[in-house]
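Data first, discussion second: the structure below is written as structure tokens.
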Amino acid sequence: MTIDNSVDINAEHLLLTSVDMSLDGGLGAVVSKNVSILDDEISLGHLTAVRHANGRDWWAFCRKLNTNTFYRYLISPAGINLDGTQSIGDLSIWATGQVCFSPDGSKFAYYWRDIGLEVFQFDRCTGLFSSPVSVTYTDLEFGNGAAFSPNGRYLYITDVDNVYQYDTEAPDLAASEVLIAEWDSTYSPFPPLATLFDIAQLAPDGKIYIGTGNSTDKLHVIHAPDSAGLACNIEQHGISLPRYFSNSLPNHPNYHLGPVDGSVCDSLGINNGMSALAAEGLRIQAYPNPSMGTFTLSYPSIGQIGVMEVRDLAGKLILHERLPPWSQVHQVQLVGASPGLYNCRISWGPRSVSTRIMVVEP
């Protein structure tokens, strides 16, 4: 999308650019650019996608401006085709804000300015939303960001000055609201560049990062988003960036989501979760290695909680940490570890994989 109407601040086209990855020696090349596949007034910030229940195709959605109607596109080897529309939930007026699917694709959050939040159930097989639950705000300053926790239970939203957490498994979504952060009056590097709260994104390390909405050199970070309330450990302006940036966090769906095992759409023979990894072989990598005790682990994305343990060669446990579902990277800090070899193991239920870590003198 682009801002085609700078007065009403909305898009008037959904544009498609195609890249052929067989060209330019495998680097890929653009073969068509900005081809309109939808001509209508569309809400900004509300374009996203989720994997189809067959584990191969994708659903993509955008929303008609000032309505409750979603355009539903099916992306498959046959191309990108409008599969239909669905009108459901509350009417949104001049919507900005952000939308997102939970990592497992079963829930969808629609968050917009002036009115509030809706959470839908989603069927990855049919591409249909259902059971909308609304939270209406009376003092919402400006609806900005939304992101689900890795386990899909907790939803985080921002409204410039505040960040809230909601428990999507609670019997009353609105009553589950917890204020987890208020802007602490920080500017970076000086006024008027306030480190406010803007769009959010769940990252491959299982943390949620939040932009500031201004040209600052900072990001906020929620370190433990699967934890309830203040235990989620939000750190304001905790990430320093090498450059100033504005409203520019990416919109990444869960690329690793497989088929819905056993559903009517699970017909392509695509392996899911641990069965796929059993066929491919589990592998992890530590870098840098050797290190002075601080290193990063890279591992397969699994839709369940993992456990990371570091032990010395005598078998003594040095470090034990939880790995969020769907995460792929994890930073490890062996505080005070003596130089030598250590064994690092990651487990997902009955399956595990190990690698050796070398700690050297500073």
> How about the range 5-37: which of its residues are touching an Asp or Glu at 6+ places or on another chain (Cβ under 9 Å) and more than 18 Å from A60 (Cα to Cα)?
Replying inline: N5, D8, N10, G28, A29, V30, V31
> Quick one: which of L91, L82 is part of a strand (DSSP E or B) and touching a residue at least 24 places away in the same chain (Cβ under 8 Å)?
Replying inline: L82
> Counting only residues that are among the hydroxyl-bearing types (S, T, Y), touching an Asp or Glu at 6+ places or on another chain (Cβ under 9 Å) and crowded, with 23+ Cβ neighbours inside 10 Å, which one in the range 96-141 is modelled with the highest pLDDT?
Replying inline: Y110
>> Take A175 and tell me if it is without any contact (Cβ under 8 Å) to a residue 40 or more places away in the chain, closer than 29 Å to S131 by Cβ and touching a helix residue (DSSP H, G or I) at 6+ places or on another chain (Cβ under 7 Å).
In response: no
> Which of the following residues is closer than 28 Å to G211 by Cβ, touching a residue at least 24 places away in the same chain (Cβ under 8 Å) and surrounded by 15 or more Cβ atoms within 10 Å (Cβ to Cβ): N5, N54, N68?
Replying inline: N68
>> Restricting to the range 238-270, name every residue that is among the charged types (D, E, K, R) and in a loop (DSSP other than H, G, I, E, B).
In response: D261, D266
>> Out of the residues in the range 309-352 meeting the condition of being touching a helix residue (DSSP H, G or I) at 6+ places or on another chain (Cβ under 9 Å) and not basic (K, R), tell me which one is farthest from C232 (Cα to Cα).
In response: P350
> Can you tell me which of A286, A314 is buried (at least 18 other Cβ atoms within 10 Å of the Cβ), among the small types (G, A, S) and outside the structural domain of H223 (by TED's automatic domain parsing)?
Replying inline: A286
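The values are calculated or read from the model by the stated rules, or taken from the named source; none is laboratory data. For clarity, every value in this text was computed on a predicted model and none was experimentally measured. Using ideal geometry, Cβ is built from the backbone for each residue, glycine included, and neighbour counts are taken over all protein chains shown.
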